[in-house]
Every structure is written in structure tokens, then in C-alpha cells.
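Read through the structure below, which is laid out as C-alpha cells, and then see the notes.
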Amino acid sequence: MAGDDTKKSTLRSQAWFGRQDKMGFYYRSFLKNRGIPQDQFEGRPVIGICNTWSELNPCNSHFRTIAEHVRYGVLEAGGFPLEFPVSSLGEVTMRPTAMLYRNLAAMDVEEGIRAHPLDGVVLLMGCDKTTPALLMGAASADLPAIGVSGGPQLRGVYQGKMIGSGTNIISMSEQLRAGEITLKEFHEAEAGMNRSHGSCMTMGTASSMASMVEALGIGLPTNAAIPAVDARRNELARMAGRRIVQMVAEDLTPTKILTRAAFENAIRTLAAIGGSTNAVVHLIAIARRIGVDLTLDDFDRLGRGVHCQVNLMPSGEYLMEDFYYAGGLPVVLRDLAEQGLLHKDALTVNGRTIWENVQDAQCWNRAVITTPEAPFKPDAGIAILRGNLAPDGAVIKPSAASPHLMQHTGRAVVFESIEHLHHAVDDDSLDIDADCIMVLQNCGPRGYPGMAEVGNMPLPQKLLKQGVRDMVRISDARMSGTAYGTVVLHVAPEAAAGGPLALVRNGDLITLDVKAGTLHLHVEEAELAARRAAWTPPAPPMDRGYTRLYVEHVLQADQGADFDFLVGKSGSPVPRDNH
Ligand code: FES
């Protein structure tokens, strides 16, 4: 009993529920309206189930079911589960871009955890931005936390062929524009693509981030790839519910999991899976919340020489369902470890090291998960570019780029905004050919608040009709993880912040050299200085509310596009009484 008393007194929730006074009455009494018996308040770890369910976020539409399985697990382990909603960010439904609201959701999560009588939290996340938002918030709150991803959809199937989220949308929309498919076929493919619950089933941003959850050790093994509708996804949720109760007893906080070693493991894993460029921004933001100073140079240093083993769309043939059946992320982690590319001793949420988790992993299909010796794509880590066009860095995903364009000099064709691009790109009088470099300005964190996924600009219709399928494209925007092409992204500083990207003019020559890691604008410094003197920042799109807060406080892409005042953590001290 003495041990129980000690446990009770160390539970954060007892500052609410352990009081035998007026305030204790308040805190317990109102929760008893659901029929919760008194013994639930007497020393059981209170576990928040942080749920991003929303009908406006179709990728997370099955999360009520997942939450129920977490609840079973918490109860089985002797905890007291309390589910609570946080902002859900639906990638396909939110405009102008879900990324505008990632930091808002992260604040919601952090403050929601801190304000409530919680001892630990299970984070339910799926669609792209919900994963970083929940991890960022939980990192700053630093209570024991375990991530549970919603899982990918089943394979898309249309006309007997596999079709992948996003990837085939992009290719089919270009085929439609080029007159190669009918509108009827286009509509029919829509139903074939999204035929089950879950997130995008390519190795897009959602799957990349679910893989990061597993590689960071903040989720259980196999979290990345179990399909959303596979019963084993519910089992994983249940096991997470059981485990978080133990984690509270062990005081296993994110600080102990999300170490520099964990982030370095994640960076190498990102390269080995050919993951989304968006993960660069998110990993940096999460790391900076927990006090790990992750930089673009870490991605360059650690990603170079890592081979992409995973043959998944958008770069490859298969889909997340195939990845799971082939053995999933544990196989990739084991292969990385055997090449000396994984910090084996990094601790994970199940209390074991990452190596202990994956050392017995087996691959069942080497067409889907290739060997490191015969990789799907060699040296496929996300490359960092620097130069006078991107002094603070830019990124490119070599595994999604065309080999013949990786070293290329071309004439710039400049679009000053996304509206300008849409207006001009299909104009037959546009002076552009396949060797030109398309440059898009003012789509970075401040310029298009939220840094939209518009970096993979549509190619001009007249060039599509000539059979051109890729060109070098450069912008301060992001790109959907399901997209592909020779696309330079996240140029920092962005144009709207006065970065050199704002100074590019039609006809300037630009050289991209991925191997050398450079991006150079061939314009004399004196001319650039004159252009800079004449430059004026674009007017902010909105002068009030959250967008104003965002524009005034968002950091550049190389710093994770977090808010300047959210970097770091403050833990979860018990707030003052409210009466
Ligand atoms: Fe939600 Fe892709 S749109 S995961």
C-alpha cells in the first residue's frame, strides 16, 4: 500500500482528483456525470486520448474506432482513459493549405495536454499535418506520450491497375490536360483511388511521417504501414493504450525518446524509404521543440550515401499495403542498422531499444523492400542545396527527380505568384521550352501563408503535348509527398522575406547541381543589389486574426516553419486553480 500511495502522490492528475476539498469535489463531481465510479479517481494514471477525428478530415475518419481500442488497452492496464478532441487538419479539404494551421493545432495539443488532469497521452494522427502538429505539441508539453498512426488506405485500383494517392492524381490530371484520357475515366478513377479508410497509401507525407513516428521510437514497431482497415491496426492501438499506462509509471517522457540519436535515425530512415520533403520541415520543427538543434546540414550529412530501399510510389511501383506485407519499416530499420547507419541503442516507447525491436525483422518480398546491396535507388537521401539563390538552403528529392536534369543550366521563366502561374502557364505565347527553369516566387511560409504544396508547378500544356514530362522547377513552396519531378523546394530565405529568389527575372540563367549541392543564379552582385533596392515586400494577405499572427511569427523553412515563440518546451507543470 505504501508503494501505491507513493505512486498516487507522484501522479500529476492527483493535483486535481486527489484533493478532498471544494476543488476536489468540482474536479471529480463533473466527471461523474458519465457514471465514472469513485475508484477511477484514486491513483489511476489518467490517459488522454488526443483524437484528430473529423468528418472534414477523411483520412482520419476511422479514428473513433481506433480511440475505442486505445481505451480498451488503457482500461486493461489499470488506467483511466479520457478522450479529447484537438484540431484536425484535412490535407485535401482545407484551404489555402493545412500547413497554415499546423502550428495552431500544435498549440491546441500542447495547451490541451497541459491544462487538463493528464498523466500521459496517446496521440492519434494520420493525415499529413496532424502527425507533426501532435508531436510538436506533445514534445513541448513533455508528458509521457505514444503516437498511434491511423494507417494507410488499401491500394487504389482502377481498370485492373494499382493507382496511388496523389501520384496518379497528378499524372492523370496531366493526361486529362493533354487530352489522353476522358473526363469520364478521370471521374471513375476517383472512386477507385480512395476505397477504404486511411491516409494516402503512397510514400507521401502521411506515410513518411508515420514512418518517422516509428523510426523516432515514439510509436510502437509496425506503426508505419499496417493498413487502416487491417485488424492489426486496432490491435496496435490497444497495445499502445496498455503501454502508455506503464510509461507513466516509468516517467518515460518524450525528452527520453526524442533524442538527437532518434532524429538521426529518422533522417536516415527518411532517405531509405524515399520519404517526403515535407518531413524535413516537420522533423526540424519537432526537434527544436524538444531542444535538439536539428539543421538542414544534418540532413545533408546523414542522408548522403543512404540508398532508397523501398520501391513505393511516387518514385516506384508499389503501395503501403505491399510495404506492410513485405515486412514494413522494421526491415528497413534492421537493414540500416546492419550497415552501421542506425543508432541501435536509441530508446523507444515500448522500453526497448530500436535494435531490440527490429533485429529479428524478416523481409517477405524483396521486390518491394530491396536490399541495400541492390537498392531501388542508390544515394537517395534528400539533398540540400545552397548558393546565392538559397543562402539558407533549399531541398530536392533526388529519388523523385529526372537523372538528366540533376545537373542543369537553364533560362529562368518567372512567375510572381501562384495566380500568375495559373494564368500564364498554358498561354501559348509563354516564352518557354523544355530546357527552361520555372521559378515561382512568393509561396513560402510568409508569402503564401502556410507555404503551400505548389512547388511542383504544372508544366505548360504546349510542352506536355510535345511529350515533355519534367522540367527543373524552383520555388520557396513545398511539394506534396506524393508528387515527383526535378523540383527544388523550400528556398530560404523565401521571396516574401526578401530572399534572393525575389530578385530572379525572366531570362536569368540558373544552374542546379544536385551532386555538388549548389543552386546558383548567374547575375552580377551589383545588378542583384540594384534589384534588391527596388524590391518591396508583398502586402500581407490578411491584416487580422490568426493569419496575421502566422505571418508575423513564422520562421523560415530551414527552421521548421514553427512560430518563433513556440520553439522549445515548458513541460506540464500543474496550472493554477480556476476557482
Ligand atoms: Fe490525408 Fe493524404 S490527404 S493523408
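Taking only the stretch 345-380 into account, find how many residues are without any contact (Cβ under 8 Å) to a residue 60 or more places away in the chain, open to solvent by 40 Å² or more (accessible area, probe 1.4 Å) and in contact with a strand residue (DSSP E or B) (Cβ under 6 Å, 6 or more places away or on another chain).
Within the stretch 345-380, the first condition is being without any contact (Cβ under 8 Å) to a residue 60 or more places away in the chain, and the residues that meet it are 352-353, 355-356, 359-368, 373-374.
Remaining after also requiring open to solvent by 40 Å² or more (accessible area, probe 1.4 Å): 352, 355-356, 359-360, 362, 364-367, 373-374.
Retained after the next criterion (residues that are in contact with a strand residue (DSSP E or B) (Cβ under 6 Å, 6 or more places away or on another chain)): none.
Residues meeting the conditions: 0.
Scanning the stretch 92-130 for residues that are more than 25 Å from ARG242 (Cβ to Cβ), within 12 Å of the ligand (Cβ to nearest atom) and touching a strand residue (DSSP E or B) at 6+ places or on another chain (Cβ under 9 Å) gives CYS127, ASP128. Annotation note: of ALA483, ALA496, ALA561, ALA516, the sole residue that is outside any loop (DSSP other than H, G, I, E, B), hydrophobic (A, V, I, L, M, F, W, C) and open to solvent by less than 70 Å² (accessible area, probe 1.4 Å) is ALA496. Within the stretch 24-47, if we keep just the residues that are surrounded by 14 or more Cβ atoms within 10 Å (Cβ to Cβ) and among the hydroxyl-bearing types (Ser, Thr, Tyr), the residue that is farthest from THR93 (Cα to Cα) turns out to be TYR26. When VAL306 is tested against (1) of a type outside the set (Gly, Ala, Ser); (2) touching a residue at least 40 places away in the same chain (Cβ under 8 Å); (3) crowded, with 21+ Cβ neighbours inside 10 Å; (4) outside any loop (DSSP other than H, G, I, E, B), only condition (4) is not met.
Let's see how each residue does on (1) of a type outside the set (A, V, I, L, M); (2) within 21 Å of the chain's Cα centre (by Cα):
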| position | (1), (2) |
| --- | --- |
| ALA271 | no, yes |
| LEU294 | no, yes |
| ARG304 | yes, yes |
| PHE323 | yes, yes |
| PRO330 | yes, yes |
| GLN339 | yes, no |
| VAL349 | no, yes |
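The set of residues from the stretch 9-37 being in contact with a Lys or Arg (Cβ under 9 Å, 6 or more places away or on another chain), more than 19 Å from ARG114 (Cα to Cα) and in a helix (DSSP H, G or I) comprises just one member, PHE25. Between ASN234, ASN265, the distinction of being buried (at least 24 other Cβ atoms within 10 Å of the Cβ) and touching a residue at least 60 places away in the same chain (Cβ under 8 Å) belongs to ASN265 only.
MET203: within 16 Å of the ligand (Cβ to nearest atom), open to solvent by less than 30 Å² (accessible area, probe 1.4 Å) and in a loop (DSSP other than H, G, I, E, B), yes or no?
Numbers: within 16 Å of the ligand (Cβ to nearest atom): yes; open to solvent by less than 30 Å² (accessible area, probe 1.4 Å): yes; in a loop (DSSP other than H, G, I, E, B): yes.
Answer is yes for this residue.
Which residue out of LEU143, LEU216 is open to solvent by less than 40 Å² (accessible area, probe 1.4 Å), more than 16 Å from the ligand (Cβ to nearest atom), closer than 23 Å to ASN234 by Cβ and not hydroxyl-bearing (Ser, Thr, Tyr)? Spell out how you get there, then give the answer.
Details: LEU143 fails: closer than 23 Å to ASN234 by Cβ.
Exactly one of LEU143, LEU216 is open to solvent by less than 40 Å² (accessible area, probe 1.4 Å), more than 16 Å from the ligand (Cβ to nearest atom), closer than 23 Å to ASN234 by Cβ and not hydroxyl-bearing (Ser, Thr, Tyr), namely LEU216.
Kindly indicate whether ALA383 is open to solvent by less than 50 Å² (accessible area, probe 1.4 Å), among the small types (Gly, Ala, Ser) and closer than 24 Å to GLY151 by Cα. Reasoning before the result, please.
Values: open to solvent by less than 50 Å² (accessible area, probe 1.4 Å): yes; among the small types (Gly, Ala, Ser): yes; closer than 24 Å to GLY151 by Cα: no.
No: the conditions fail for ALA383.
Among the residues of the stretch 169-183, is any open to solvent by less than 10 Å² (accessible area, probe 1.4 Å) and either among the charged types (D, E, K, R) or within 12 Å of the ligand (Cβ to nearest atom) (or both)?
Looking only at the stretch 169-183, we keep the residues that are open to solvent by less than 10 Å² (accessible area, probe 1.4 Å), and these are none.
There is no residue in the stretch 169-183 that is open to solvent by less than 10 Å² (accessible area, probe 1.4 Å) and either among the charged types (D, E, K, R) or within 12 Å of the ligand (Cβ to nearest atom) (or both).
Within the stretch 414-452, restricting attention to residues that are open to solvent by less than 10 Å² (accessible area, probe 1.4 Å) and not in a loop (DSSP other than H, G, I, E, B), the residue that is nearest to ILE510 (Cα to Cα) is ILE437.
When every residue of the stretch 48-65 is checked against the conditions, at least one turns out to be more than 16 Å from the ligand (Cβ to nearest atom), over 16 Å from MET247 (Cα atoms) and surrounded by fewer than 20 Cβ atoms within 10 Å (Cβ to Cβ).
A count restricted to the stretch 479-524 and to residues that are modelled with pLDDT of 95 or more and of a type in the set (Lys, Arg) stands at 1.
Within the stretch 157-165, identify whether any single residue is away from the ligand (no atom under 15 Å from the Cβ) and crowded, with 24+ Cβ neighbours inside 10 Å, and answer yes or no.
No, because not a single residue in the stretch 157-165 is away from the ligand (no atom under 15 Å from the Cβ) and crowded, with 24+ Cβ neighbours inside 10 Å.
The values are calculated or read from the model by the stated rules, or taken from the named source; none is laboratory data. What you see is a predicted model; the values in this text were computed from it and never measured. Heads up, the Cβs are rebuilt from the backbone with ideal geometry, glycines too, and the neighbour counts pull from every protein chain shown. Areas reflect the complete protein model, heavy atoms only, side chains present, ligands, DNA and RNA absent. Shrake-Rupley method; radii C 1.70, N 1.55, O 1.52, S 1.80 Å.
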